[in-house]
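For reference, the structure is listed below as structure tokens.
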Amino acid sequence: MRAGPLALLQDSGRFGARHLGVTQGGPADLYSWAWANHLTGNPWGTANLEVTFGGLQLVAVKDLDIAITGADLAVTIEHNPVPLWQRITWKEGEILRFSAPVSGLRAYLAVCGGFAAEPVLGSVACVTREQLGGFRGDGMKLAPGDELSVFCPEPASGQISGQAPEEIVPDFSQPAFLHLLPGAQIASFSGRSLFDAFNAWWQVDDRADRMGVRLTGPRLRSSISTLVSEGINLGGVQVPPDGQPIVLLNDRQTIGGYPRLGSLTPLSASRLAQCLPRERVRLVARGSAAAVKEHRAFRAVFQFMPRLMRGRAPS
Amino acid sequence: MLESAGLDGWIVRLFEDINERNLPWLSALSQRCEQIFGDALIDLVPSYTTLLVVFDPLALSPSQSRAMICQILADLQPEDAVQDGQSHELPTWYDISVGPELPRVAEHAGLAVSEVIEAHSQRTYRVFALGFAPGFAFMGLVDPHLECPRLETPRQRVPVGSVALAGRQTAAYPTETPGGWNLLGRTSARLFDRKREGFSLLRVGDRVRFVSVSRETFEREGGNTQPMGSVT
């Protein structure tokens, strides 16, 4: 009914095409996206809707089981507040409204069964800049009047709790501590800059989107101003000559030529994607063993879902 | 040399400088990674001097994947590259109406516009990297006389097919995007098509020649002759 500034269909991302200059796409907040699917009984990778900032109004044309996770965008159904991080029923004819951020920036709406769209280059992830993915395949964000199709849900297994445990719900009103794996050209930065990088508060700039988030704070100096362009992974923290770091997110360009301090972990990139301009964040150096352990623990929650859903006998 | 690119990636740095002699090595390294990593491979991003290897962090730890790459590097041979790149000819209409920087590049080089067109279309270029946009191929190296810096102010919209030059590199725009390169003309070749097998016409390592064609040929091949006008 109303589309708001930015509502995009996202599955886990577009993989295997980065050598063609095609970016990864996928949910900016992988953590909340994954939980929205989990709570509705959808397997990992199911497409759901990433709603940035709010302003979206949808009407259900049939009863749907849904879950909304991520940012609190003051969501209502027929003017009644909707509980987040749990499965609820959205009845035929009712209007679901995403208003404006209370805390966080991006909410995820999953429907039982998942949204249906034709994959482009193996994925429905919607990347407007590349004109790829989404409901029509051409990378267009949602527009007023769009009709969203939904796959028929498989019968609920009853094994999946429709409510997230309290401890897994992030508090986006608290300052973010972002884990950074040192790497790339970190040795080219001055000692003072490395001290500042990990001891200063950084402010999220308003130049922030799904390509990257600029941080402002002390000027970081590298002995390299530009390098021959090379592939950049999710969460890469590049520092252009103005000394203000840019954290590269899902829709980043596939190659780039500024020196980098390293990469945020995928979960920290997710957390940063929930920060509004002017919020303060800290960078915390992290070893790769600890980061891998944390990432695998996060993914393990969702590992057995597909098997349960398809009702396969345990082997 | 290996550099960390997060918990699921390594940058393999093989060279320091841009050179087409790097290409058979990078190609061989990509192929070996595909063989050795198998299903645990998520993405490979080759670029001028490096290869970014992205792997499944649930299947491999950073140290396991590092060991695998080191093993590949230990006996890497450029001859492993089965193909040394496909060859393409891109029909290109060089004209000031669609290539408004022809005079700028000519002045910079101290050449006539016709000499710029000849110099640009004579060489066979190699694709060093894809990036910036889907199917956008960075090619080189252009005749040193034609070397020309980017525009001070990038254009908001560069039309599809625009053939462009910056520094000693050349490219053709697969989709309409912003861009700061010098425009020399337009190609009718379809560079990126999400409905085509393989999607991108050009791949890293390919050989490309721009073939100067008449306006009539360009139009017949489906090229868009709409002039740039005064809008920049």
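Worth pointing out:
- Across the protein chains, with a 1.4 Å probe defining accessible surface, the residues A:Asp138, A:Asp63 rank A:Asp63, A:Asp138 from largest area downward.
- Listed by chain and number, the aspartates and glutamates placed with their C-alpha closer than 16 angstrom to that of A:Lys91 are A:Asp63, A:Asp65, A:Glu78; residues fewer than eight positions away on the same chain are left out.
- Computed from the C-beta positions of B:Gln122 and B:Glu221, the FRET efficiency with R₀ = 25 Å rounds to 0.75.
- Region B:87-220: C-alpha gyration tensor shape, a/c 1.5 cut-off, then a/b vs b/c: rounded
- When GluC sites (Glu not before Pro) are flagged only if DSSP places them in a loop and at most 13 other Cβ atoms lie within 10 Å, the longest unflagged stretch of chain B comes out as B:17-151.
- Within 10 Å of the Cβ of each residue in B:129-141, the mean number of Cβ atoms contributed by other protein chains is 5.
- Shape of region A:176-299, Cα gyration tensor, a/c cut at 1.5: rounded
- Across region A:238-248, computed HN-Hα scalar couplings (Karplus, 6.51 cos²θ - 1.76 cosθ + 1.60, θ = phi - 60°) run 9, 10, x, x, 6, x, 9, x, 10, 8, 8 Hz from first to last residue, x flagging Gly and Pro.
- The phi-based Karplus calculation (6.51 cos²θ - 1.76 cosθ + 1.60; θ = phi - 60°) puts the 3J(HN,Hα) values of region A:92-99 at 3, x, 7, 9, 9, 10, 9, 8 Hz, whole numbers, x for Gly and Pro.
- From the alpha carbon centroid of region A:1-63 to that of region A:189-264 is 26 Å.
- Label point of A:Gln203 set 7 angstrom out along Cα-Cβ; within region A:256-280, amide nitrogens under 18 Å from it belong to A:275-280.
- Of the residues B:Val105, B:Val54, B:Val163, the one that moves most in a GNM of chain B with alpha-carbon contacts below 10 Å is B:Val54.
- FRET E, pair B:Leu76, A:Met211, Förster distance 30 Å, beta-carbon r, rounded to 0.05: 0.35
- Label zone at A:Glu78 (point 7 Å along Cα-to-Cβ), backbone N below 15 Å, region A:44-69: A:59-64
- R0 of 22 Å, Cβ-Cβ distance A:Gln303-A:Gln163: FRET efficiency to nearest 0.05: 0.65
- Size-normalised alpha-carbon gyration radius of chain A, reference 2.2 N^0.38 Å: 1.01
- Ordering of A:292-301, A:174-183 by burial proxy (mean other Cβ atoms within 10 Å per residue, highest first): A:174-183, A:292-301
- Accessible area of A:Cys275 in the full protein assembly, 1.4 Å probe (Å², nearest 10): 10
- Only aspartates and glutamates eight or more places from B:Lys195 in sequence, or on another chain, were considered; those with a Cα closer than 16 Å are A:Glu118, A:Glu130, A:Asp138.
- Residues whose placed amide H lies under 5 Å from that of A:Leu132, excluding near-sequence neighbours: A:Val127, A:Gly139
- Total accessible surface hidden between A and B, rounded to 100 Å², 1.4 Å probe: 3100
- Partner chain coverage, peptide B:162-172 - average Cβ within 10 angstrom: 0
- Extension reserve of the A:Cys152-A:Lys293 stretch, reckoned as 0.36 nm per residue once the Cα distance is removed: 47.2 nm
- Backbone amide hydrogens, once placed in the peptide plane, bring A:Ala60 within less than 5 Å of A:Gly93, A:Glu94, A:Leu96, excluding anything fewer than 5 places away on its chain.
- Percentage relative contact order, chain A, counting C-alpha pairs under 8 Å, at least six apart: 20
- Chain-alone versus full-assembly comparison, region A:243-265, residues with accessible loss of at least 10 Å² (1.4 Å probe): A:Gln253, A:Thr254, A:Ile255, A:Arg260, A:Ser263
- Under 5 Å, built H, 5+ apart or other chain: amide partners of B:Ala129: B:Phe138
- Here the Gaussian network model covers chain A, with springs between Cα atoms less than 10 Å apart; of A:Glu166, A:Glu147, A:Glu130, A:Glu166 fluctuates the most.
- Paramagnetic label reach from B:Ala59 (point 7 Å along Cα→Cβ; backbone nitrogen cut-off under 16 Å): within region B:1-27, residues B:8-10.
- Working value for the protein assembly as shown: equivalent-ellipsoid semi-axes of 41, 28, 23 Å, each the square root of 5 times a Cα gyration tensor eigenvalue, largest first.
- Summarising the label geometry, the points placed 7 Å from Cα in the beta-carbon direction at A:Arg278 and A:Thr89 lie 4.3 nm from one another.
- Comparing A:Gly26, A:Gly45, A:Gly287 in a Gaussian network model of chain A, where Cα atoms under 10 Å apart are tied by springs, the biggest mean-square fluctuation is seen for A:Gly287.
- Note that region A:6-171 presents 38 Å² accessible area per residue, ligands and nucleic acids not counted, probe 1.4 Å.
- Listed values for region B:134-151 are Karplus-derived 3J(HN,Hα) couplings in whole Hz (6.51 cos²θ - 1.76 cosθ + 1.60, θ = phi - 60°), namely x, x, 7, 9, 8, 10, x, 9, 6, 2, x, 5, 8, 3, 8, x, 4, 5, and x replaces Gly and Pro.
- Share antiparallel - DSSP beta bridges, chain A, percent rounded to 5: 90
The values are calculated or read from the model by the stated rules, or taken from the named source; none is laboratory data. Since the structure is predicted, the reported quantities are computational estimates derived from the model, not experimental observations. We place every Cβ from the backbone using ideal geometry, glycine too, and count neighbours over all the protein chains shown. Side chains are part of the model used for accessible areas, which takes the heavy atoms of the whole protein and leaves out ligands, DNA and RNA. Shrake-Rupley method; radii C 1.70, N 1.55, O 1.52, S 1.80 Å.
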